[in-house]
Amino acid sequence: MKYKRILLKLSGEALMGERPGGIDPAVVSMIADQIKEIRAMGVEVGLVIGGGNIFRGVAGATTGMDRTTADHMGMLATMINALALQDALEHKGVHTRTLSGLEMPKVAESYIRRRATRHLEKGRVVIFGAGTGNPFFSTDTAAALRANEVAAEVVMKATNVDGIYTADPKQDPTATRYDRISFQEVLEKGLKVMDAAAIALCMENKLPIIVFDMLVPGHLVAAVKGEHIGTLVQ
């Protein structure tokens, strides 16, 4: 394996499948199968998942809702997704722990860095829920933060496209995909990979990001082996 410990970032929308919202159990099961496969190969897996399939704080704020309240609602949405994925993994025999950035002791353990690291060392998949636990920070930033805290070797951002393009390939058929790109170029070109705070945090700590389509079978395994999948940002 090229990577021994990874931080996998999933969007909440990835769990919808073809549905307009919510969670598609078949998609969750498929994602869990891929995670199980790389765990069996000895890869230590941390996971951050968004909540956009249920509620997005930024969107709530644009309708006049208090931003802090909206962001807390978004954090709770990520916990729903985290528990769904935890359940799918456990049913497949994968030992899992969900750690929350917000205190909810009857639902999940509170996030403590040393505890998270210990779970990873014991071979458990660690799902980081509730973002950073603070409003005004996206789950992209949470992924970059947790990856650095637990000394992950790479952030793998799973999307519904096979990398970073010069433009939205769904809108512009002439868009071309980058095989590799620097952090600075991502910021300068305003490419919508992760938010600027997440990119800056990874750049400062020299933590590479791989953007790829996880819904293609075998892509996650290929990525952890170091095969060229998607776009590498470093």
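General observations
- Scanning segment 1-45 for residues that are small (Gly, Ala, Ser) and either touching a helix residue (DSSP H, G or I) at 6+ places or on another chain (Cβ under 6 Å) or without any contact (Cβ under 8 Å) to a residue 40 or more places away in the chain (or both), we see that the one that is nearest to ALA144 (Cα to Cα) is GLY12.
- Scanning segment 94-127 for residues that are more than 22 Å from THR69 (Cβ to Cβ) and in contact (Cβ under 8 Å) with a residue 40 or more places away in the chain yields VAL94, ALA116, LEU120, GLU121, GLY123, VAL125, VAL126, ILE127.
- Of the helices (runs of 4 or more DSSP H) that lie entirely inside segment 8-117, those containing 2 or more residues that are at pLDDT 95 or above and either over 15 Å from the mean Cα position of the chain (by Cα) or surrounded by fewer than 22 Cβ atoms within 10 Å (Cβ to Cβ) (or both) span 25-40, 67-91.
- Test: residue in segment 121-136 that is in a helix (DSSP H, G or I), at pLDDT 95 or above, under 17 Å from ARG56 (Cα atoms) and among the hydrophobic types (A, V, I, L, M, F, W, C): no
- THR141 vs. criteria crowded, with 17+ Cβ neighbours inside 10 Å, out of contact with any His (no Cβ under 7 Å at 6 or more places or on another chain), modelled with pLDDT under 90 and farther than 12 Å from LEU7 by Cβ: no
- The lone criterion from (1) surrounded by fewer than 21 Cβ atoms within 10 Å (Cβ to Cβ); (2) closer than 14 Å to TYR165 by Cα; (3) not polar (S, T, N, Q) left unmet by VAL216 is number (2).
- Residues within segment 118-139 that are under 14 Å from the mean Cα position of the chain (by Cα) and among the basic types (Lys, Arg), tallied: 0
The values are calculated or read from the model by the stated rules, or taken from the named source; none is laboratory data. Keep in mind that this is a model prediction, so the values were computed, not measured. Cβ: placed from backbone, ideal geometry, glycine included. Neighbour counts: every protein chain shown.
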